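Asks: Below is one structure. I have some questions about it.
The values are calculated or read from the model by the stated rules, or taken from the named source; none is laboratory data. Quick caveat, the model's predicted, so the values are computed rather than measured. Each accessible area value is taken on the protein alone, full model and side chains, heavy atoms only, with ligands, DNA and RNA left out. Shrake-Rupley method; radii C 1.70, N 1.55, O 1.52, S 1.80 Å.
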Amino acid sequence: MTTTHREDLSSADRRVGPVRMPRLGAVITASIVAGLVFAMMEMVLVAVVKGQPWYGPLHMIAAIGMGPSGVLPPPATFDIGVAAVAMVIHMMLSIVLGLILAALLLAFRSTLAWIIGLVFGIALYYIFFYGFTPLFPWFAEARGWIAFVAHAVFGLVLALIYRKMDTREPTSTHVGDRSE
């Protein structure tokens, strides 16, 4: 197999029946970048606006996997182990959410990517901070404009980077259109 042939295969549409599949490399890259932007934004705003420890959001995320005992409330000092657990959980969630958003973006026009991403991020805020509070009651403490804006920015950044990396045109919405 020649290099050119391999490149052709890697850029070909991946489909499961009539459904176009997201490009995994683009999803992972966009998800990691959006996840890092989200994390940095949350940590800076929590420290600057609320005057709380910058690593507080990491403890809230780590508690998803470690449980709240010993992790919450955040102690007076930074814990690299808790931060590592939080980043693994956060990046895995970012990639799963990236796959979901990429599938949505493939179904709609590329000019709507920023709107879809923004709405997706806002929906995540309400799902996580209201829908998941029975499982993770400490999420209720983080409700507010910082988390709202950070989630909206996450969705926006994720959508814009993914659409920039996956340049395929959206699927046609016309029934019976065989032009693809």
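Asks: When the Cα atoms of the range 29-174 are enclosed in a convex hull and the volume is divided per residue, what value in Å³ results? It would help to have the intermediate numbers written out before the result.
Replies: On the way: hull volume 15.1 nm³, N = 146.
Residue-normalised Cα hull volume stands at 104 Å³.
Asks: In Å and whole numbers, how far do the C-alpha atoms of the range 18-101 stretch along each principal axis, longest first?
Replies: In descending order, the Cα extents are 53, 26, 17 Å.
Asks: Using the Karplus equation 6.51 cos²θ - 1.76 cosθ + 1.60 (θ = phi - 60°), what ³J(HN,Hα) coupling, rounded to whole Hz, does each residue of the range 77-84 give in order, writing x for Gly and Pro?
Replies: Each residue of the range 77-84 in turn: 10, 6, 10, 5, x, 5, 4, 5 Hz.
Asks: What number comes out for accessible area per residue over the range 29-180 if the probe is 1.4 Å? Units Å², please. Kindly include the intermediate steps, with their values, before the conclusion.
Replies: Details: 8110 Å² over 152 residues.
Here the residues of the range 29-180 average 53 Å² of exposed surface.
Asks: Another question, then. For the range 148-158, just list the computed ³J(HN,Hα) in residue order, Karplus coefficients 6.51, -1.76 and 1.60, θ = phi - 60°, integers in Hz, with x standing in for Gly and Pro.
Replies: Coupling constants for the range 148-158: 4, 5, 4, 5, 4, 5, 4, x, 5, 4, 4 Hz.
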